[in-house]
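J.: Sharing a structure below in structure tokens format, with a few things to ask.
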Amino acid sequence: MDVAKKILEYTVKCPVCGSEMKVEEYLYDMPLVGKVIISSGRCQRCGYKWSDARLAESRGPRKIIYRVEKPGDENALVIRASTASIIIPELGVEIKPGPAALGYITTVEGLIMDIIEKTEFICSEPDAPLDECKKKLDQLRKARDGLIKYTIIIIDPGGVSTIVSDKKREEPLSIEETNALEKEVSGNGFSK
Ligand SMILES: [Zn+2]
């Protein structure tokens, strides 16, 4: 990765405590990816951390589809903007952007690990549905260990997410799909 250039600094309201939070934006020029903007901020009052990652130039609302089917596929780089949804149909995963959603750069493997971690956390709650949790975690761990094939679909109304691989497919989002997404208001990423 190249040396980062700070391009912007602004304040937003902390989604946790409502106090002012400073956000800094940096521009990176990454090989194979192009120009990427990373933003991050930390609330001075409550310690909440926010970050986002996105391509510097929008390529229009789109769907990115990537199939994980053989060893090595899990190493592809994923840039998920905070405004994008991630769906993995085979694993029952649906991560929707909420007001406190984060954007990030990770690998497919890192994404699966993160989903496992969050699912374990949710499943440790006293009222968690145990059968469903066990089934879901089994599937996720099999995916992590390369025992099942799965598809990552990023629904990206901003056109600023990507998966860095020749294997990915991209489809434009229809106006209906884009409108439906804008209407959705959702919180955490755990749903069936
Ligand atoms: Zn705060």
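J.: Add -39500 (n - 2.57) for each DSSP H run of 4 or more in the chain, then divide by its residues: what number comes out at 222 nm, to the nearest 500 deg cm²/dmol?
T.: Result for the chain, helices only: -6500 deg cm²/dmol.
J.: Once you mark the GluC sites (Glu not before Pro) that are in a DSSP loop and have at most 13 other Cβ atoms within 10 Å, what is the longest gap between them in the chain?
T.: Longest run free of exposed loop sites: 70-183.
J.: I would also like to ask the following. For the pair Lys49/Ile122, report the inter-label distance in nm, with labels modelled 7 Å from Cα in the Cβ direction.
T.: Rounded to a tenth, the inter-label distance reads 2.2 nm.
J.: List every DSSP H helix in the chain whose Cα atoms extend 20 Å or more along the helix's own long axis and whose mean Kyte-Doolittle hydropathy is at least 0.0.
T.: Passing helices, by number: 108-123.
J.: Let me ask something additional. Kindly provide the Kirkwood hydrodynamic radius of the chain in Å, to one decimal, from all pairs of distinct alpha carbon atoms.
T.: Numbers: mean 1/r = 0.0565 Å⁻¹.
The Cα-based Kirkwood calculation yields 17.7 Å.
J.: Which net charge results for the neighbourhood of Glu20, defined as the other residues with beta-carbon distances under 13 angstrom from its beta-carbon, given Lys and Arg at +1 and Asp and Glu at -1? Mind dumping the intermediate values first?
T.: Details: positive: Lys13, Lys22, Arg42, Arg45; negative: Glu9.
With Lys, Arg at +1 and Asp, Glu at -1, the neighbours total +3.
J.: Go through segment 65-154 and name the trypsin sites (Lys or Arg not before Pro) that are in a DSSP coil and have 13 or fewer other Cβ atoms within 10 Å of their Cβ.
T.: In loop regions of segment 65-154 (DSSP not H, G, I, E or B), the sparsely surrounded trypsin sites (Lys or Arg not before Pro) are Lys149.
J.: Also, I was wondering about something else. Using a basic spin-label model with each label point 7 Å from the Cα along Cα→Cβ, how many nm lie between Asp131 and Glu90?
T.: 2.5 nm
No value in this document is a laboratory result; all are computed from the given coordinates. The model shown is predicted, which means the values in this text are computed figures rather than measured ones. We place every Cβ from the backbone using ideal geometry, glycine too, and count neighbours over all the protein chains shown.
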